[in-house]
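Dumping the structure here so I can ask a few things about it.
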Amino acid sequence: MQKYSIFNLVKNAFSNHENWDLAWKDPTPKEEYDVVIIGGGGHGLATAYYLAKEHNITKVAIIEKGWIGGGNVGRNTTIIRSNYMHDENALFSEFGMNLWRKMSQDLNYNVMFSPRGIINLAHSDAQMNAYARRGNSMRLNGIDAVLLNREQVKEIIPMADFSENVRFPIFGGLMQPSAGTARHDAVAWGYARQADSMGVEIIQNCEVTGFDVTAGKINGIRTTRGNIKTKKVGLCVAGSTNILAEKLNMTLPIETHLLQACVSEPVKPVLDRVVTFGAGHFYISQSDKGEMVMGGDLDGYNSYAQRGNLPTLQHVLTEGIAMMPFLSKLKMLRTWGGIMDMSMDGSPIIDKTHIDGLYLNCGWCYGGFKATPASGWTFAYTIAQDRVHELNAGFSLNRFSTGHLIDEKGLGTKTWIS
Amino acid sequence: MLHIKCPHCGMRSQNEFSYGGDASVKRPELNKEITDEEWDNFVYNRKSLRGKHLELWQHLSGCRQWIKVERDTATHEIFNTYKAEEEIS
């Protein structure tokens with residue numbers, strides 16, 4: 001594989017950049033693989049990469065219905081954080097933070113990781129207390145957390161509304177300085193390029209139509225480009241998990257919902273952090289191009305539309321304007337939607353299933369993008385070793401029957417509870 | 001914007017409604033032995049169909065009645081609406 005470096009950039013400039021290798025190939029599916037990963041999004045690509053890198057399993061195929069990176073890894077708001085209270089989420093996400101920090105070097109691909117910090121605003125004394133508790137839990141797990149008072153927040157984000165007579169005055173906030181953003185598409189492309197270079201075959205425009213399961217064991221999959229034999233299948237298809245589960249006669253604790261995001265027209269640098277509104281569900285950051293990147297609530301009803309509805313967008317942006325009034329002067333550049341696996345407790349599932357050789361990675365709710373490296377790493381471990389790693393042991397499928405829910409906020413499909 | 005025909009009030013905008021989820025889920029009968037699996041299926045497990053989906057909505061800012069709506073989850077086309085107690089053939 002060609003290394004991406006300043007020297008290669010200069011060298012290729014002399015041939016008008018016409019001689020670069022393809023970043024990944026476009027193979028036709030083989031008859032058999034050791035592992036088949038369904039879903040060529042961030043998590044699927046990362047899983048294949050870590051299977052090859054950490055476990056030396058390279059006879060791997062990624063089966064993607066559309067094109068790689070066209071789903072939620074290309075539709076999110078690029079936020080990376082580990083500001084969780086519960087051990088399962090906190091330790092898993094912080095493990096991921098360490099992978100994020102070295103990802104550009106690891107993948108030889110600039111993912112533009114920008115640890116600019118995230119601030120969750122508090123709008124009452126009670127919320128400050130809750131944030132103090134969450135911050136303490138984070139610090140006990142080795143995650144950086146700083147509780148900010150009103151004056152400190154004002155110094156960092158003076159453009160927020162600090163006037164006296166507002167409905168949701170800013171009391172302070174909880175900051176994780178090491179959180180940040182990354183270039184989402186680059187994450188997918190970086191993983192794809194490295195996985196491809198180690199022998200993983202990325203098969204696009206190939207839809208899975210069924211599974212061959214005999215005597216409780218997986219033997220292969222059926223696709224629109226022929227049947228493929230394999231003993232191990234990993235499902236990484238957030239948003240379509242229920243559709244594939246139906247083909248396996250499984251009913252999962254997941255509903256598919258739509259989440260929207262949008263960007264404003266580009267403006268000069270004004271916001272150098274990620275900020276979330278504490279009295280509703282709204283988050284904002286500014287991209288390197290200058291656009292304000294915003295998102296918030298689910299549309300609120302089951303949806304596979306991949307396109308949002310305006311009442312939700314209006315509601316979310318009303319919160320944004322309450323928090324930062326200058327936003328009302330900006331024009332909207334683009335809005336889009338992605339379909340999420342909303343699990344019933346708001347936490348993901350990375351586990352084996354009752355079918356031998358079938359592994360499940362789903363239920364990422366609002367937080368799939370930031371989990372990409374940790375999810376890929378632990379899922380690769382689970383597939384390769386046929387057992388869960390301690391980092392994803394809590395994300396079990398049967399926790400709903402046993403009552404071991406991870407109710408970080410208890411926010412799953414039922415957003416009205418919040 | 002969805003437009004939902006409340007069987008009590010007529011056509012209204014989605015802003016007046018709140019969503020109540022899959023209407024095909026049935027609570028296990030009272031005073032009967034219930035397996036963990038049945039309980040799971042009632043509380044957590046959902047089919048989350050792509051396509052025709054029968055779901056509950058409440059006309060919260062209207063007559064406050066719960067209603068059933070048959071909607072396509074991919075196109076948002078609404079085929080029919082029913083009163084909560086109406087049997088659907």
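Every read-out reported here was derived from the displayed coordinates using simple, explicitly stated rules and does not represent laboratory data. Here the structure is a predicted model, which is why all the values come from computation and not from measurement. Cβ sites come from the backbone with ideal geometry, for glycine too, and all protein chains shown count toward neighbours.
Quick one: A:ARG116 ticks every box in (1) within 20 Å of the chain's Cα centre (by Cα); (2) surrounded by 20 or more Cβ atoms within 10 Å (Cβ to Cβ) except a single one, so which number is it?
Failing condition for A:ARG116: (2).
Go through the stretch A:341-367 and give me each residue that's of a type outside the set (Ser, Thr, Tyr), closer than 21 Å to A:GLN260 by Cβ and assigned to a strand (DSSP E or B).
A:ASP341, A:MET342, A:CYS362
Determine, yes or no, whether A:LYS59 is within 15 Å of A:GLU201 (Cα to Cα) and among the charged types (D, E, K, R).
yes
So, one more: Here are some conditions: (1) in contact (Cβ under 8 Å) with a residue 12 or more places away in the chain; (2) within 14 Å of another protein chain (Cβ to nearest Cβ); (3) not in a loop (DSSP other than H, G, I, E, B). A:PRO311 meets all but one. Which one does it not meet?
For A:PRO311, the exception is condition (1).
Go through A:LYS370, A:LYS268, A:LYS289 for me and flag whichever is in contact with a Pro (Cβ under 9 Å, 6 or more places away or on another chain) and either among the basic types (Lys, Arg) or assigned to a strand (DSSP E or B) (or both). If you could, list the steps in order and put the result at the bottom.
Details: A:LYS370 fails: in contact with a Pro (Cβ under 9 Å, 6 or more places away or on another chain); A:LYS268 fails: in contact with a Pro (Cβ under 9 Å, 6 or more places away or on another chain).
Matching residue, one of A:LYS370, A:LYS268, A:LYS289: A:LYS289.
Here is a follow-up. Mind listing just one residue for me: the one in the stretch A:314-340 that is surrounded by fewer than 19 Cβ atoms within 10 Å (Cβ to Cβ) and in a strand (DSSP E or B) and, of those, nearest to the other protein chains (Cβ to nearest Cβ)?
Step by step, filter the stretch A:314-340, then rank; the result is A:THR335.
Sort out which residues of the stretch A:247-259 are facing another protein chain (nearest Cβ under 7 Å) and of a type in the set (D, E, K, R), and write them in order of number. Reasoning before the result, please.
Initially, the stretch A:247-259 is screened for residues facing another protein chain (nearest Cβ under 7 Å), giving A:251-256.
Within the stretch A:247-259, A:GLU255 is the sole residue that qualifies.
Can you find a residue in the stretch A:74-93 that is within 19 Å of A:GLY41 (Cα to Cα), out of contact with any Phe, Trp or Tyr (no Cβ under 9 Å at 6 or more places or on another chain) and among the hydrophobic types (A, V, I, L, M, F, W, C)?
No: zero hits.
For the stretch B:30-37, state whether one or more residues are within 11 Å of another protein chain (Cβ to nearest Cβ), surrounded by fewer than 18 Cβ atoms within 10 Å (Cβ to Cβ) and not in a loop (DSSP other than H, G, I, E, B).
If we filter the stretch B:30-37 for residues that are within 11 Å of another protein chain (Cβ to nearest Cβ), which is where we start, we get B:35-37.
Those left that are additionally surrounded by fewer than 18 Cβ atoms within 10 Å (Cβ to Cβ): B:35-37.
Of the ones still in play, those that are also not in a loop (DSSP other than H, G, I, E, B) are B:36-37.
Yes, because at least one residue in the stretch B:30-37 is within 11 Å of another protein chain (Cβ to nearest Cβ), surrounded by fewer than 18 Cβ atoms within 10 Å (Cβ to Cβ) and not in a loop (DSSP other than H, G, I, E, B).
Would you call A:LEU271 in contact (Cβ under 8 Å) with a residue 40 or more places away in the chain and within 14 Å of another protein chain (Cβ to nearest Cβ)?
For A:LEU271, the condition - in contact (Cβ under 8 Å) with a residue 40 or more places away in the chain and within 14 Å of another protein chain (Cβ to nearest Cβ) - is not met.
For the structure I just gave you, tell me whether B:ASN41 is crowded, with 18+ Cβ neighbours inside 10 Å and either within 11 Å of chain A (Cβ to nearest Cβ) or hydrophobic (A, V, I, L, M, F, W, C) (or both).
no
Which residues, taken from the stretch A:59-83, are buried (at least 17 other Cβ atoms within 10 Å of the Cβ) and over 30 Å from A:ALA305 (Cα atoms)?
A:VAL60, A:ASN83
Ok, one more. Of the residues that sit in the stretch A:372-399 and are of a type in the set (A, V, I, L, M, F, W, C) and in contact with a helix residue (DSSP H, G or I) (Cβ under 6 Å, 6 or more places away or on another chain), which one is nearest to A:VAL111 (Cα to Cα)?
Only one residue fits best here, namely A:ALA374.
Here's a follow-up. Here are some conditions: (1) in a loop (DSSP other than H, G, I, E, B); (2) more than 9 Å from chain A (Cβ to nearest Cβ). B:LEU49 meets all but one. Which one does it not meet?
For B:LEU49, the failing item is (2).
If you don't mind, there's one more thing I want to ask. Would you be able to say whether some residue in the stretch B:44-55 is surrounded by fewer than 14 Cβ atoms within 10 Å (Cβ to Cβ) and closer than 25 Å to A:LEU244 by Cβ?
Among the residues of the stretch B:44-55, at least one is surrounded by fewer than 14 Cβ atoms within 10 Å (Cβ to Cβ) and closer than 25 Å to A:LEU244 by Cβ, which makes the answer yes.
Looking at A:THR230, A:THR241, which is the one that is within 14 Å of chain B (Cβ to nearest Cβ), farther than 30 Å from A:PHE171 by Cβ, buried (at least 19 other Cβ atoms within 10 Å of the Cβ) and touching a Gly at 6+ places or on another chain (Cβ under 8 Å)? First the steps, then the outcome.
Working: A:THR230 fails: within 14 Å of chain B (Cβ to nearest Cβ).
Result: A:THR241 is the single residue among A:THR230, A:THR241 that is within 14 Å of chain B (Cβ to nearest Cβ), farther than 30 Å from A:PHE171 by Cβ, buried (at least 19 other Cβ atoms within 10 Å of the Cβ) and touching a Gly at 6+ places or on another chain (Cβ under 8 Å).
Something else: Quick one: count up the residues across the stretch A:135-172 that are among the charged types (D, E, K, R), under 29 Å from the mean Cα position of the chain (by Cα) and surrounded by 15 or more Cβ atoms within 10 Å (Cβ to Cβ).
1
Okay, moving on. B:THR75 fails exactly one of the following numbered conditions: (1) assigned to a loop (DSSP other than H, G, I, E, B); (2) in contact (Cβ under 8 Å) with a residue 12 or more places away in the chain; (3) within 14 Å of chain A (Cβ to nearest Cβ); (4) of a type in the set (Val, Ile, Thr). What is the number of that condition?
(2)
Mind listing just one residue for me: the one in the stretch B:7-29 that is assigned to a strand (DSSP E or B) and in contact with a Phe, Trp or Tyr (Cβ under 8 Å, 6 or more places away or on another chain) and, of those, farthest from the other protein chains (Cβ to nearest Cβ)?
Among those that are assigned to a strand (DSSP E or B) and in contact with a Phe, Trp or Tyr (Cβ under 8 Å, 6 or more places away or on another chain), it is B:GLY20.
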